[in-house]
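Read-outs: derived from the displayed coordinates by stated rules, not from any lab. Since the model is a prediction, treat every value here as computed from it, not as a measurement. With ideal geometry, Cβ positions are generated from the backbone for all residues, glycine too; neighbour counts draw on all protein chains shown.
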Amino acid sequence: YYTSAAGMERLGAKPRIQTIRIDCTKEREEEVSAYLTELYGQMDSVVIDSQLEVNNEMDRSTSVIQAAGFVISIFLIFMGVVNFCNVMFTGIYTRRKELATLESIGMTQRQLKSMLIMEGACYSGITFLLLMTVGMMLAYVFYQMVKTAFYFWSFYPPLLQSVILFAVMLGLCAVIPLLAYRFIARES
C-alpha cells in the first residue's frame, strides 16, 4: 500500500520498507536521482530504479532495434532491386526476338520503350499493393507478438515512408527495363 511520511511514522520506529516511490518534476529528476544514488548507492540491499534511467534504457533499446531494422530493410531493398534487375534482364533477353518482330511490323522505339516502362510500372504497382496489404498485416502481427515486451511502442502505418518508397520504386522500375533493353539491343 502507499502511505505518506506521516503514515510511516505511525507504523513504528523501524518499519520494513520494500519500495519507495518518489514523484518529482522533470527538472529535478536528475538531481534527486543523483542524491539517492549518493545516499544509498553503496548498500547492496537497496536497488534504485530511476524513471530517467528506465527511459534512457528504453531509448537505447529502441535505437538499437531501429538501427537493426534499418540495416535489414536496406539489405532487403537491395536484394529486391537486384532480383528485379535479374528478372527484367532475363525477360527482355528471352523476348528479344519477339521485340525485334514487333519492331519489324511497325512498332516504334518510342512505343517499345513505353511498353517496357508500363511493364516495370505494373511490377512496381503489384509490389506496392502487396507491401501495403500483406506486408502491413505481417508487421501488425509482429507488433502484436512483441507489444508485451515493448509496451511503449505503438503501431502506425508508415504512410510518408511508403509514398517515398513507392516513388523511388516506380522510378527504378521505369528506368531498369530501359537500361536492360538498351544493353540487350546492342546485340544483333
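Once a ≥ b ≥ c are taken as the square roots of the eigenvalues of the Cα gyration tensor of the range 128-167, is the result rounded (a/c under 1.5), prolate (a/b larger than b/c) or oblate (a/b not larger than b/c)? Taking the square roots of the gyration eigenvalues as a ≥ b ≥ c, the range 128-167 is oblate. Phi angles of the range 134-143 translate, via the Karplus equation with coefficients 6.51, -1.76, 1.60 and θ = phi - 60°, into HN-Hα couplings of 5, x, 5, 5, 5, 5, 5, 5, 4, 4 Hz per residue; Gly and Pro are given as x. For the chain, a crude dipole built from +1 on the beta carbon of Lys and Arg and -1 on the beta carbon of Asp and Glu, taken about the Cα centre, is about 1040 debye to the nearest 20. In the range 4-139, a dipole from Cβ-located charges (positive for Lys and Arg, negative for Asp and Glu) runs towards its positive end, and of Tyr40, Ser114, Met8 it is Ser114 whose Cα lies farthest in that direction.
Once you order the gyration tensor axes a ≥ b ≥ c over the Cα atoms, which shape class does the range 63-144 get: rounded for a/c under 1.5, otherwise prolate or oblate by comparing a/b with b/c? Prolate is the answer for the range 63-144, as a/c is 1.5 or above and a/b outweighs b/c.
Helix 51-94 versus the longest principal axis of the chain: what angle, 0 to 90°, nearest 10, using Cα atoms? The angle comes out near 10 degrees. Helix 29-40 axis versus longest C-alpha principal axis of the chain: approximately 50°, rounded to the nearest ten.
Here the Gaussian network model covers the chain, with springs between Cα atoms less than 10 Å apart; of Ala100, Ala68, Ala34, Ala34 fluctuates the most. Only one of (i) -0.54, -1.14; (ii) -0.35, -1.35; (iii) -0.62, -1.07 was calculated from the structure for log10 I(q)/I(0) by the Debye sum over Cα atoms at q = 0.08, 0.17 Å⁻¹, and its label is (i). Straight-line cross-link reach from Lys26 at under 27 Å between alpha-carbon atoms covers these lysines, not counting any fewer than eight positions away in the same chain: Lys147. Considering only Lys14, Lys97, Lys113, the Gaussian network model of the chain with Cα springs below 10 Å gives its largest mean-square fluctuation to Lys14. Amide H contacts under 5 Å for Val46: none, restricted to partners 5 or more places along the chain or on a different chain, H placed in the peptide plane at 1.01 Å from N.
Between Glu57 and Leu11, the modelled labels are 2.4 nm apart [label points 7 Å from Cα along Cα→Cβ].
Computed from Cα atoms, the angle from the helix 159-185 axis to the main principal axis of the chain rounds to 30 degrees.
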